[in-house]
Every structure is written in C-alpha cells, then in structure tokens.
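See below for the structure under consideration.
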Amino acid sequence: RPGTTARVPLPVAELHLHVEGALGPDLLRSFARLNGFGTAFDGTDPEPEFVDLQSFLDRRDGDLAVLRTEEDFHELGAAYLRAARAAGVVRAESFIDPMVHLQRGVPVEAVMRGFGSAFAEARATGMSCDLIVCFTRDLGAEAAEATLDAVLPFREHFIGVGLDSAEVGWPPSLFRDVFARAAADGLRLVAHAGEEGGPDYVREALDVLHVERIDHGLRAMEDAELMARIVDERIALTVCPLSNVALRAVPRMEDHPLFAMLELGARVTVSSDDPAYFGGQVDANLEALRAAGATEAQLETLARNSFDAAFVDEAERRALT
Ligand code: ADE
Ligand code: ZN
C-alpha cells in the first residue's frame, strides 16, 4: 500500500482469543497432508462469508478435522503465539475447547498436553501467556462437568474456565454448578455473553456464574442499568470488532457499540477472537477501529484497559508495561 508506513504495533494483552481460531489456510493444508486428508482442504476459501455465529462454528468445526495429535496442538499453539507477539501481544490469555476435539475422537490429553507445552515453551522464552479452558455451551451442563473432570489432571496448564460456542438457548444459569466447582478449585472465571444473546445473558453470567470478565458483552448496551453496573464495578468487556462485523452482530465498524461503551467509561478491551477467520490479529482489529474513527487516546485506553483486566498480579503487570 503506497503512502502508508509500517506502524509499531501497540502493546496489548489479548484476553479473548480461541487458539483453534488461529488455524489459518497454510497450517490447515499442512496438517491435512500430514494426517491423511491429502489435498481435500486445498480449495478451502480462506476468507469465507458468514451470516451469524453458527455459520462460523460449522465452518470451523469442519476445518478442525485436520488436527489429530498432541504435536498438531503444540504446533498450532506455537504458531498463534508467534503471530500474536508480532501483532503486539505481550500477554495472552487464550481459550481452548477440549470438548470440540473429544467430540471427533481426539483425547483431552492430546489437546491439553499439546497446547499446554506450547504455552509453557513460550513462557520459558519470556512471553506472558496462559490458557483458559472453555466449556462448549451447546453440549450442555453435563458435558461441562465432564470437561472439568477431564482437564483437572492438567491443572498446571490452565488458569481459568470460560463458556463459548452457540449462545442463544444456552443461558449461563445452566452452568451454575460447574462454575462454582471451578471457582472452588481456584480457577479464574469468564464467559461469552451478549454476543447474540440478550442482556439477561450478561446479567446471569455476572450474578449466577460470578465471572470476572464478559467476553463480547455487546447486547449489554440494550440495558442502561446493566451498563451502569458494568461501569461501576469495572467489569471488563473483551470486545472483538472484526469478529462482530464478520458474524453480523454489528452492521458496520463505524456503528460498533464499542465507541459508546468507551464514552460510558466501561473497561473495554480489544481482541481478535478467531484471527484466521475474521481478518487478522489484534493489531488488525485496532487498525480497523482507527479506520472507523477511533482516536489515538481511545486506542491507548483500550490497550491500558487490557492490562488492567488481565489476570496478572501487580508485579507482573509492571513488568509487562
Ligand atoms: N468460539 C470461537 N469464537 C467464538 C465466538 N465468537 N463466540 C462464541 N464461541 C466462539
Ligand atoms: Zn470468542
């Protein structure tokens, strides 16, 4: 692009990123060849059109078929962390979905050891990063309980639990008991809410699950009282602008509720959600906001908020920024 200069990416903490969503077309093809799928994925559209969250989840689940072994998960985790570092991420709190892989016959152990060792290796080279295990909400509460049981033997590999996948019809209150058990185990708590579900889902995530951050939270903006509380209690919202436009939760970037959330003084942060599918890493998300009118001061606030909302202690926080 003539006339543009390469920017040094703004340092941020990326708090809403699904490692499985970092499986880009090159890695997809190489895992496909390695694992006996031949050239079946060669023609796969690298930038598909989505109409909603479910259309993305269906496409992603098809792609994930190529991941089979512990080494595959290790390589995918390492590839994400390399790309994230280049995009300015100095702290990563990253989601994984063990149940999605178990559903297609991959043992939880391969997922946890593969992703876990990639994150441990990156930590050893000075990157601040940790995993958060997500419960796949449309598999239900019993599956979530089974997930927690299955991952607890790998407790050293993750710091918290989350709730993701198809939202509507799967309210947070269904997961009360499993979140209580995770909290009792000392795990940090987050949940997707208000991406497609209404403000009641956000309220339940706070009141019933006692989560510390809300992933997305867009539709909380329909409820002024709820937003006042989110501002008052300094509850972080991990917003993913390119994802929201791609999945049509928001019509155009210029109309993104993030701008109004910032005006209210909410602790908004920016992340990439599934960077291989929605147009790039966190730096591309910040760039898209800039192109839609975000000021330098707003971008700096978003970066500062990301560190304030990260699950790190004061000493680590100072070392990061
Ligand atoms: N899994 C991956 N990306 C997601 C999103 N944006 N919402 C819910 N679940 C997801
Ligand atoms: Zn997400």
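Bear in mind that the values in this text are calculations on the coordinates, not laboratory data. Being a predicted model, the structure only gives us computed values, none of them experimental. Cβ atoms come from the backbone with ideal geometry, glycine included; neighbour counts cover every protein chain shown.
Applying the selection to segment 106-145, what residues are over 21 Å from Ala205 (Cβ atoms), aliphatic (A, V, I, L, M) and part of a helix (DSSP H, G or I)?
The answer is Val108, Ala110, Val111, Met112, Ala118, Ala120, Ala122, Ala124.
Tell me which helices (runs of 4 or more DSSP H) are completely within segment 1-96 and hold 2 or more residues being of a type in the set (D, E, K, R) and away from ligand 1 (no atom under 16 Å from the Cβ), or say none if there are none.
Ranges flagged: 25-34, 70-86.
Has segment 85-102 got any residue that is in contact with a His (Cβ under 9 Å, 6 or more places away or on another chain), polar (S, T, N, Q), in contact (Cβ under 8 Å) with a residue 60 or more places away in the chain and within 16 Å of ligand 2 (Cβ to nearest atom)?
Within segment 85-102, one or more residues are in contact with a His (Cβ under 9 Å, 6 or more places away or on another chain), polar (S, T, N, Q), in contact (Cβ under 8 Å) with a residue 60 or more places away in the chain and within 16 Å of ligand 2 (Cβ to nearest atom).
Identify all residues within segment 288-308 that are without any contact (Cβ under 8 Å) to a residue 40 or more places away in the chain and either on the phi > 0 side of the Ramachandran plot or part of a helix (DSSP H, G or I) (or both); write none if there are none.
Arg290, Ala291, Gly293, Glu296, Ala297, Gln298, Thr301, Arg304
Could you check Arg248 against (1) within 16 Å of ligand 1 (Cβ to nearest atom); (2) more than 14 Å from Ala191 (Cβ to Cβ); (3) crowded, with 21+ Cβ neighbours inside 10 Å and say which number it fails?
Of everything listed in (1) within 16 Å of ligand 1 (Cβ to nearest atom); (2) more than 14 Å from Ala191 (Cβ to Cβ); (3) crowded, with 21+ Cβ neighbours inside 10 Å, Arg248 misses just condition (3).
Please enumerate the residues belonging to segment 152-205 that are assigned to a loop (DSSP other than H, G, I, E, B) and in contact with a Leu (Cβ under 8 Å, 6 or more places away or on another chain).
Matches in segment 152-205: Phe158, Ile159, Ser165, Ala166, Glu167, Asp185, Gly194, Glu195, Glu196.
Kindly provide the set of residues from segment 309-321 that are touching a residue at least 12 places away in the same chain (Cβ under 8 Å), surrounded by fewer than 16 Cβ atoms within 10 Å (Cβ to Cβ) and either under 17 Å from the mean Cα position of the chain (by Cα) or over 15 Å from Met127 (Cβ atoms) (or both), ordered by number.
none
Condition first: within 12 Å of ligand 2 (Cβ to nearest atom) and more than 16 Å from Glu300 (Cα to Cα). Can you find one or more residues in segment 256-263 that meet it?
Checked segment 256-263: no residue is within 12 Å of ligand 2 (Cβ to nearest atom) and more than 16 Å from Glu300 (Cα to Cα).
Would you point out the residue of segment 175-191, among those that are surrounded by fewer than 22 Cβ atoms within 10 Å (Cβ to Cβ) and not small (Gly, Ala, Ser), that is nearest to Ile235 (Cα to Cα)?
Looking at residues that are surrounded by fewer than 22 Cβ atoms within 10 Å (Cβ to Cβ) and not small (Gly, Ala, Ser), I get Leu189.
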